[in-house]
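Participant: Here it is, the structure, as structure tokens.
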Amino acid sequence: MNKKSFQLGLCFSVMVALTVPGCQSTGRSRVTATAPEPAADTLDEDLTAGQVADIQTSLARTMEQRGDLKAARAAYGRVLERDPANAAAAWRMAVVTDRQGHFDKSEPLYQRALKAEPKNAAVLCDYGYSLYLQRRWSESEQALKQAAELAPDDARIQNNLGLLYANTERSREAVLAFQRAGCTPEQTRTNIAVAAAMNGRTQEARWMFERVLEDNPESPTANRGLQALAAVTETDAGVRQVGYESETSESGRD
């Protein structure tokens, strides 16, 4: 990734949340306090191992929902210690691990969940999004298309496909996917513009932002997007005036 693309990435990373973002199932809620997780030996002795695992998984999900990722990850880990084949625990632990930025550790968890439930569209969607975040485009597309075949009307899957297509310069496919996800024309154009900007395609990004502003001059994301593009352009011009050249390594890679 060259210097300009890196600068654009920094500028636009904070803007993505203002668009229709990539979707991983987070299950956020407004839970502010919960009872501490009971130890396994305090649960009713009449419960089966499966029932105990379900209870512990539910408690871990509550921790995840309230944003306590460290505790949730540890709790899912305890479920898997008792029941290594528990697909739900492996899936949710993978999502939590992704949110902590540990993609190398989430990969085997997704694989474990998919081995148990290979046709689970939600798991495939989250796995596809994990691969998307790592810019593993081909693998991400394969997982997301499998998810879409299983659940063609799922907006989350279609939105993630739209982001993938937008980041790999397939605007037509991106538009269709965002439409299937229920995005408005403004949201669709903004998503494509942000993806273009983050990948160094400044002319395309500027054109898309300008189209958004033609319909909605008050669009905060489009206005900020054009400001970010202008700031990076000015910075790049200043560097060139003092005799420094931008790096020219291959763009689109980590």
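Participant: In the stretch 208-220, what residues are open to solvent by 10 Å² or more (accessible area, probe 1.4 Å) and closer than 13 Å to V194 by Cβ?
Facilitator: Once the filter is applied, which keeps residues that are open to solvent by 10 Å² or more (accessible area, probe 1.4 Å) and closer than 13 Å to V194 by Cβ, the stretch 208-220 yields M208, P220.
Participant: So which of D236, D254 ends up being at pLDDT below 90, within 30 Å of A155 (Cβ to Cβ) and not hydrophobic (A, V, I, L, M, F, W, C)? Talk me through it step by step, then tell me what you get.
Facilitator: Working: D236 fails: within 30 Å of A155 (Cβ to Cβ).
Step by step, each of D236, D254 is checked, and only D254 is at pLDDT below 90, within 30 Å of A155 (Cβ to Cβ) and not hydrophobic (A, V, I, L, M, F, W, C).
Participant: Oh, and also: Could you run through the stretch 163-187 and say how many residues are open to solvent by less than 10 Å² (accessible area, probe 1.4 Å) and in contact (Cβ under 8 Å) with a residue 40 or more places away in the chain? Before the answer, list the steps.
Facilitator: Quick first cut of the stretch 163-187, residues open to solvent by less than 10 Å² (accessible area, probe 1.4 Å) only: 164, 166, 174, 177-178.
Right, trim to in contact (Cβ under 8 Å) with a residue 40 or more places away in the chain and you get 178.
Residues meeting the conditions: 1.
Participant: Could you list all residues from the stretch 74-96 that are touching a residue at least 12 places away in the same chain (Cβ under 8 Å), over 18 Å from P118 (Cβ atoms) and open to solvent by 50 Å² or more (accessible area, probe 1.4 Å)?
Facilitator: Listed by number, the residues that qualify are R78, R82, D83.
Rundown of residues vs (1) within 30 Å of E214 (Cβ to Cβ); (2) modelled with pLDDT under 95; (3) touching a strand residue (DSSP E or B) at 6+ places or on another chain (Cβ under 9 Å), yes/no style:
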{"site": "G128", "(1), (2), (3)": "no, no, no"}
{"site": "E141", "(1), (2), (3)": "no, no, no"}
{"site": "A147", "(1), (2), (3)": "no, no, no"}
{"site": "D153", "(1), (2), (3)": "no, yes, no"}
{"site": "Q158", "(1), (2), (3)": "yes, no, no"}
{"site": "G162", "(1), (2), (3)": "yes, no, no"}
{"site": "N167", "(1), (2), (3)": "yes, yes, no"}
{"site": "Q187", "(1), (2), (3)": "yes, yes, no"}
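Participant: Let me ask something additional. Only one of K105, K115, K119 is assigned to a loop (DSSP other than H, G, I, E, B), of a type outside the set (F, W, Y) and at pLDDT 95 or above. Can you tell me which?
Facilitator: Just a single option satisfies the conditions, and that option is K119.
The values are calculated or read from the model by the stated rules, or taken from the named source; none is laboratory data. None of the values given here were measured: they were computed from a predicted structure. Virtual Cβ from ideal backbone geometry, glycine too; neighbours counted across all protein chains shown. Side chains included, ligands, DNA and RNA excluded: accessible areas come from the protein's heavy atoms. Shrake-Rupley method; radii C 1.70, N 1.55, O 1.52, S 1.80 Å.
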